[in-house]
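The values are calculated or read from the model by the stated rules, or taken from the named source; none is laboratory data. Predicted model only: the values in this text are computed from it and were never measured. Please note: Cβ atoms are built from the backbone with ideal geometry, for glycine as well, and neighbour counts cover all protein chains shown.
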Amino acid sequence: MQRDAMTGFRDAKAPGSLTEIRRQDGADGEAVVETNVPARLDALPWSRFHTLVVVALGVTWVLDGLEVTLTGAVAAILKQSVALSLTSEEVGWASSAYLCGAVSGALLFGWMTDRLGRRKLFFVTLAVYLAAAAATAASWNAESFAFFRFFVGCGVGGEYAAVNSTIQELIPARVRGWTDLVINGSFWLGAALGAGGSLVLLDPMIVNPALGWRLAFLIGAVLGLLILLMRRWIPESPRWLMLHGREREAEEIVASIESQCARPRRAPDLERTPKIRLKRRAYTPFGEIYRAMFRLYPRRTLVGLALMASQAFLYNAVFFTYALILTDFYGVDGSRIGWHLLALACGNFLGPLLLGRLFDTVGRKIMISATYAVSGILLLGVGYLFKEGVMTAAQQTAGWAAVFFVASAAASSAYLTVSETFPLEIRALVIAIFYALGTMVGGVISPWLLGTLIGTGMRSRVFDGYALGAGLMICAAMIEWRWGVAAERKPLESVCEPLSQVGE
């Protein structure tokens, strides 16, 4: 690094590098990064690297889907367990404990992710999840079960912030929507794994019921160990590195990714790649975070909260309590719950997979509004048929599968929206805040509410809960249509300018 005596700048440009760091001896003496790293990341063709990112980081949603489905699948067994003997209300409270943990973990680890980096938090949050998942299998009463579920939620909630921010910052803009929806939709691969595993582990002809539910909760711990190995090859986000003064590392990572592509870009092309100028910073003060959310982008904040809260209410209301619906209203044996959840999981995964491309082509506002509105209308219809008692258990499951084929794409787009429409400096924490607020408003309350309504034994009371969820989804659709952001195929820095960006 050399200092130019004539200009007062220090040039940190490495040989062959296209990223420059300059420190001006002026009023504030702040270092300014001039870089084309974001544009180069967005211009990359799809490569083996991107596939690895999708697999290694997308597994987060597999874990969440696994945990949610296992809780639903074993609910009836936990009520019969000699060790636990949970009531319907206690099942609901344990589910709410998981969601409270997810809220706490998202906020804590989201704050740490923006300060310490995306990659470090991959391993911290996964370690918390692993330990708590294994401990859940050793629960001895209702209190210990809820306690361990709280920390399982902490790990998963923390993963949402670290992983979502990294995916947004590594995936090219032109396929960001579809990729994000499919990754979020992988939640349902975890749900399918949990449902399939429960069919074996909860079958008294195969495994002792007293042991089966414990083994079911160990599935996540085993899967988590495999994820640790896969993530060793995922680098730190170059966008985060360039903001925190580690420009050489950012340059090396981008160059390495480019070298893996089938058609590496030539130096002249790279020189013409657009650059941005950013002030380096170690962290973003809470006052500036508040200003960004409620002064600069209040409408985006409203949209994010509406989307997150409504989808959280719908999903947590149904999936944390569906096993109770099947056992209490349809007389389905607890060991057969997995078949119904497996069918729902398949429909949910197909939704983002088949509809996801439209979010990049037709556009964000149209697709998000449409999927939320249609989800709410379908939920209201299926809930009404349940209230009238005109469906069998299989028909009820088919109805939910139709609802969630659309709702799954809608829910995934909520995470896409909050992670791409706010500045780079606060991306992870904002994801955590919206996840936390949405989960508290729509998720923590819904399992308890639906569990209580199911406990009344009255279909009409349960329908009231479904109708509330439908209303929230339709309201969210209207808010998105009015104030949503058309972010399709645009660079993140174009969708929302970084707080530290400076002019020429």
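Odds and ends about this structure:
- Test: residue 499 is surrounded by 19 or more Cβ atoms within 10 Å (Cβ to Cβ), modelled with pLDDT under 90, out of contact with any strand residue (DSSP E or B) (no Cβ under 6 Å at 6 or more places or on another chain) and farther than 18 Å from residue 102 by Cα: yes
- Single unsatisfied condition, residue 126 versus (1) within 28 Å of residue 341 (Cα to Cα); (2) modelled with pLDDT of 80 or more; (3) touching a Ser or Thr at 6+ places or on another chain (Cβ under 8 Å): (3)
- Comparison of 430, 462 shows that the only residue that is in a helix (DSSP H, G or I), under 28 Å from residue 111 (Cα atoms) and touching a residue at least 12 places away in the same chain (Cβ under 8 Å) is 430.
- Against the numbered list (1) part of a helix (DSSP H, G or I); (2) more than 30 Å from residue 476 (Cβ to Cβ); (3) at pLDDT 85 or above, residue 304 comes up short only at (2).
- Close pairs from the range 62-74: first among the acidic types (Asp, Glu), partner assigned to a helix (DSSP H, G or I) and modelled with pLDDT under 75, Cβ under 8 Å, at least 6 apart: 67/194
- Residue check for residue 311: within 21 Å of residue 450 (Cβ to Cβ), of a type in the set (S, T, N, Q) and surrounded by fewer than 20 Cβ atoms within 10 Å (Cβ to Cβ): no
- Among the candidates 447, 498, the residue that is outside any helix (DSSP H, G or I) and in contact (Cβ under 8 Å) with a residue 12 or more places away in the chain is uniquely 498.
- Scope the range 450-459; condition more than 25 Å from the chain's Cα centre (by Cα) and assigned to a helix (DSSP H, G or I); matching residues: 452, 453, 454, 455, 459
- Within the range 350-361, the set of residues being touching a residue at least 12 places away in the same chain (Cβ under 8 Å) and either under 16 Å from residue 477 (Cβ atoms) or of a type outside the set (Val, Ile, Thr) (or both) comprises 350, 351, 352, 353, 355, 356, 357, 359, 360.
- Some residue of the range 46-69 being at pLDDT 85 or above and buried (at least 24 other Cβ atoms within 10 Å of the Cβ): no
- Exactly one residue out of 170, 201, 181 is of a type outside the set (Gly, Ala, Ser), free of Cβ contacts under 8 Å to residues at least 40 places away in the same chain and surrounded by 24 or more Cβ atoms within 10 Å (Cβ to Cβ), and it is 201.
Okay, residues lined up against (1) under 26 Å from residue 232 (Cβ atoms); (2) assigned to a loop (DSSP other than H, G, I, E, B):
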site	(1), (2)
111	yes, no
120	yes, no
130	yes, no
138	no, yes
174	no, no
179	yes, no
192	no, no
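Conditions tested, residue by residue: (1) small (Gly, Ala, Ser); (2) in a helix (DSSP H, G or I); (3) at pLDDT 95 or above.
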| position | (1), (2), (3) |
| --- | --- |
| 270 | no, yes, no |
| 273 | no, no, no |
| 290 | no, yes, no |
| 300 | no, yes, yes |
| 343 | yes, yes, no |
| 346 | no, yes, no |
| 350 | no, yes, no |
| 366 | no, yes, yes |
| 369 | yes, yes, yes |
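- Applying the criterion of being over 17 Å from residue 138 (Cα atoms) and under 26 Å from the mean Cα position of the chain (by Cα) to the residues of the range 204-226, the residue that is surrounded by the most Cβ atoms within 10 Å (Cβ to Cβ) is 224.
- Selection within the range 381-416: residues that are farther than 19 Å from residue 471 by Cβ and of a type in the set (Phe, Trp, Tyr). The member of this set that is surrounded by the fewest Cβ atoms within 10 Å (Cβ to Cβ) is 405.
- Test result for residue 439, in contact with a helix residue (DSSP H, G or I) (Cβ under 9 Å, 6 or more places away or on another chain), polar (S, T, N, Q) and buried (at least 21 other Cβ atoms within 10 Å of the Cβ): yes
- Verdict on residue 241 being outside any loop (DSSP other than H, G, I, E, B) and within 21 Å of residue 149 (Cα to Cα): no
- Single match in 417, 397 (criterion: closer than 30 Å to residue 161 by Cβ, polar (S, T, N, Q) and not in a loop (DSSP other than H, G, I, E, B)): 417
- Filtered by the rule that a residue be among the aliphatic types (A, V, I, L, M) and buried (at least 23 other Cβ atoms within 10 Å of the Cβ), the range 282-308 gives 303, 306, 307, 308.
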